[in-house]
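Read-outs: derived from the displayed coordinates by stated rules, not from any lab. From a predicted model like this one, the values you see are computed outputs, not experimental measurements. Note: ideal-geometry Cβ built from the backbone for every residue, glycine included; neighbour counts use all protein chains shown.
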Amino acid sequence: MNPLAKLRDEIDAVDAELVALIHKRFEIADRVIEVKRAKGIAAALPDRIEQVVQNALLNTKHTQVPPQTIEKLWRTLIAETIAYEEKILNTKQ
């Protein structure tokens, strides 16, 4: 097998793991939505957003991943999660 093809297979496997983890995150978001709905809490909570981003940045300390890359990815992930929450929170039960 071509060495590049093997590496691409490894990346594809990691991508599949990432998708599974994002799916798990959205499953947890479904439970968060129920709590927010019951308590009248907004989907976007600025203090929590910053806390999540900072936690992600702390996880980069011993990696070669540039912190700015993680920040961009996490802000996108958070924005998409908030949009998902808002869509569900704004629909009737």
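Note down the magnitude of the dipole of the chain about its Cα centre, charges +1 on Lys and Arg C-beta and -1 on Asp and Glu C-beta and zero elsewhere, to the nearest 20 debye.
300
Taking 12 Å as the cut-off, the amide N atoms of region 44-81 that come nearer than this to a point 7 Å along the Cα-to-beta-carbon line of residue 87 belong to 80-81.
To the nearest 10 degrees, how steep is helix 67-89 against the longest Cα principal axis of the chain, on a 0 to 90 scale? Computed tilt is about 40 degrees. In the chain, the longest principal axis of the Cα atoms and the axis of helix 3-39 are about 10 degrees apart. Put simply, the convex hull of the Cα atoms in the chain casts, on average, a shadow of 7.7 nm². Within the P(r) computed for region 34-80, what percentage of the Cα pairs occupies the region above 12 Å? The answer is 64 percent, as a whole percent. Entry note, the chain: relative contact order of 32 percent, from Cα contacts under 8 Å with a spacing of 6+ residues. Note on the chain: helix-only mean residue ellipticity at 222 nm, from DSSP H runs of 4+ residues weighted -39500 (n - 2.57) and normalised by residue number, equals -27500 deg cm²/dmol. Calculation over all alpha carbon pairs of region 1-40 in 10 angstrom steps from 0 returns a P(r) of 28, 26, 20, 15, 9, 3 percent.
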